[in-house]
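A.B. asks: My structure is below; once you've seen it, I'll send some questions.
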């Protein structure tokens, strides 16, 4: 099978791909501006600090719009975008989940698990991210609308800072997993989030499409 040709097969719908990159760009901007505010906050002149907070807030609302769209798409989007594709609900999904954990525990030795769209293990991590990101949006909005002289005393500000650290850890894990999917599993995950199609051999695609949902 190693020498079998890989072909492109459609997996991701256009809206999912657009929202994915929208969220990726806005999260990256939030991490950069948040890092500057958190690390250099007291050293930044008031005027510049105010501009940074305004930019962080505006892009935060942009991220919130993308996050809400993606969460809604979990319930009204096509099967590959559905919440049912994220969570290990079926026997087949649970097998891929356990195979994935075993594959990682064996340091990527052997054949990687085969799946069409979301890996169930990654899907669980995405579900956690959706919850964490939602909490970041909520705490950010509340802190933003708290009087400036009370912000530093708000417990939500500490929660927001903790969420920032967890988001960074998620990004590191996500990027690491993407490289594994791209260069070990060889299904073109990066390109698929641009044009919508992953690469499989004909035998792999036949196996995937013959599986029961």
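Bear in mind these aren't lab numbers, they're just calculated from the coordinates by the rules spelled out. Just so we're clear, the structure is a prediction, and the values are computed from it rather than from any experiment. Heads up, the Cβs are rebuilt from the backbone with ideal geometry, glycines too, and the neighbour counts pull from every protein chain shown.
A.B. asks: By per-residue mean of other Cβ atoms within 10 Å, what is the highest-first order of 103-111, 189-197?
C.D. replies: 189-197, 103-111
A.B. asks: Follow-up. Take each of the peptides 166-173, 41-48, average the number of other beta-carbon atoms within 10 Å over its residues, and list them starting from the highest.
C.D. replies: Listed from highest to lowest mean packing, they are 166-173, 41-48.
A.B. asks: Over the stretch 23-86, calculate the relative contact order: mean separation of alpha carbon pairs under 8 Å at least 6 apart, over the residue count, as a percent.
C.D. replies: About 34 percent, as a whole number.
A.B. asks: Rounded to the nearest angstrom and ordered from largest down, what semi-axes does the equivalent ellipsoid of the chain get from its C-alpha gyration tensor (root of 5λ)?
C.D. replies: 38, 17, 16
A.B. asks: Taking Cα pairs under 8 Å and at least six residues apart, what relative contact order does the stretch 6-210 come out at, in percent?
C.D. replies: On the way: 185 pairs, mean separation 62.0, N = 205.
Rounded, it is 30 percent for the stretch 6-210.
A.B. asks: Compute the long axis of helix 14-40 from its Cα atoms, compare it with the longest principal axis of the Cα atoms of the chain, and write down the angle in degrees, 0 to 90, nearest 10.
C.D. replies: Taking Cα atoms only, the helix is inclined about 40 degrees.
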